[in-house]
Amino acid sequence: MFNNSSILITGGTGSFGKHFVRELLTKFPEIKRLVVYSRDELKQFDMQREFASFNSSALRFFIGDVRDKDRLRTALHDVDFVLHAAAMKQVTAAEYNPFECIKTNIIGAQNVIETSLEAGVKKVLALSTDKAAAPINLYGATKLASDKLFIAANNIKGSSNISFSVLRYGNVMGSRGSVIPLFQRLKNSRVLPITDDKMTRFNITLSEGVSLAFDCLKKSVGGEIFVPKIPSYHILDLAEAICEKSEIKIVGLRPGEKLHEEMVTNSDSHNTKDLGNLYVILPSGYEDKPRLKEKYLNCEAVPLGFSYNSRDNTNFLTVQQLKKMISEHC
């Protein structure tokens, strides 16, 4: 699917983007062109040096912002597949700078949609977050709006064969700004700040996220929100895994922070199918859309009122499993 094809990834110099690029160049040596699109020239410079050993003529770097439609239009020339990973992701920064978050996460999403339609792209997969389900902070609200834009884009494609889908998942283990690097920096102080001792979170590794992106790009027909079945952890178990003798300081929930995260709400349950390793949330009226009906109508439906959240998850990581994963992935 990817050999002899051109792929563009927005936000390509981030943690996910770099891992995605490495996997693509390793697994698909005959890829025609791989465009890394991001706005930070220093990160691009560092990434060029990091990937120099691949000696790949397919790898291209474009300075650009998803807010800039003209630059996107140029970068998308002759591109077959788009992975949209660019976003303003820090919850507190989004609360303090709300319209900056809106311009990147919502207007930027619409720019990707419109320029992909113009360029004749075959498939677009947008990365989302568990914070987009029943959002209580601006970041989550902008990502929910982005998800809605990408799903609705399938209604305006006309005779084009393009498809738009979304992949929604939880915290990426060890990613910048996440709790694990924070705890690792503070472990020598023997005091770890915890918002609430009952808090739970979903967990996924970078490798798992990249594999899911490949899988969803291959199987999507347009209109799906894919939700992987991934484990949860208790925040106290994570603290013990990083520094078992640390003192826990309860600091309370920050503005816009949830006690437990959710990826499928009970309101979504009537349109959600169980695919084994994934849930897929389908748009209302999917039965009238031939490709979605053919692929998903006979798949197992989840019970009405079903919710997939980090608290009620049936799969929790133990302290020992967390220790092992942190040593391997952080």
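The values are calculated or read from the model by the stated rules, or taken from the named source; none is laboratory data. Keep in mind that this is a model prediction, so the values were computed, not measured. Here Cβ is always computed from backbone atoms with ideal geometry, including for glycine, and neighbour counts include all displayed protein chains. Quick note on the areas: whole protein, heavy atoms, side chains included, nothing else; ligands and nucleic acids left out. Shrake-Rupley method; radii C 1.70, N 1.55, O 1.52, S 1.80 Å.
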> Mind checking which lysines have their C-alpha under 27 Å from Lys293, skipping anything on the same chain fewer than 8 residues away?
Replying inline: Lys122, Lys123, Lys143, Lys148, Lys157, Lys218, Lys219, Lys229, Lys273
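Could you sort 154-167, 296-309, 113-126 so that the peptide with the highest average Cβ count within 10 Å comes first and the rest follow in order? Intermediate values should be presented prior to the final figure.
Details: 154-167: 16.7, 296-309: 14.5, 113-126: 21.2.
The packing order, highest mean first, is 113-126, 154-167, 296-309.
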>> 7 Å from Cα along Cα→Cβ at both Lys148 and Ser160: what's the point-to-point distance in nm?
In response: 2.1 nm
> In terms of modelled amide H atoms, which long-range or inter-chain residues lie less than 5 Å from the amide H of Ser5?
Replying inline: Lys32, Arg33
> If you find the alpha carbon centre of region 59-93 and of region 198-254, how far apart are they in angstrom?
Replying inline: 25 Å
>> Quick check: with the 1.4 Å probe, what order do Arg254, Arg291 take by accessible area, largest first?
In response: Arg254, Arg291
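When a/c reaches 1.5 or more, the comparison of a/b and b/c decides; with that in mind, is the chain rounded, prolate or oblate per its Cα gyration tensor? Let's see the in-between values first.
Numbers: a/c = 1.68, a/b = 1.25, b/c = 1.35.
Since a/c reaches 1.5 but b/c is at least a/b, the shape of the chain is classed as oblate.
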>> For the chain, give me the percentage of DSSP beta bridges that are antiparallel, rounded to the nearest 5 percent.
In response: 30 percent
>> If you count only protein heavy atoms and use a 1.4 Å probe, how large is the accessible surface of Ser15, to the nearest 10 Å²?
In response: 40 Å²
> Once both labels are modelled 7 Å past Cα along the beta-carbon direction, what's the Arg60-Glu300 spacing in nm?
Replying inline: 4.5 nm
> Over the heavy atoms of Met199, what accessible area does a 1.4 Å probe trace out, to the nearest 10 Å²?
Replying inline: 10 Å²
> From the residues Thr142, His84, Met173, which one has its Cα farthest along the dipole of region 76-195 in the positive direction, the dipole being from +1 and -1 charges on Cβ of Lys/Arg and Asp/Glu about the Cα centre?
Replying inline: Met173
> Measuring with a 1.4 Å probe in the full set of protein chains, what accessible area per residue, in whole Å², belongs to the chain?
Replying inline: 46 Å²
> When the helices in the chain are scored as -39500 (n - 2.57) per DSSP H run of 4 or longer and the sum is shared across all residues, what 222 nm value do you end up with, to the nearest 500 deg cm²/dmol?
Replying inline: -10000 deg cm²/dmol
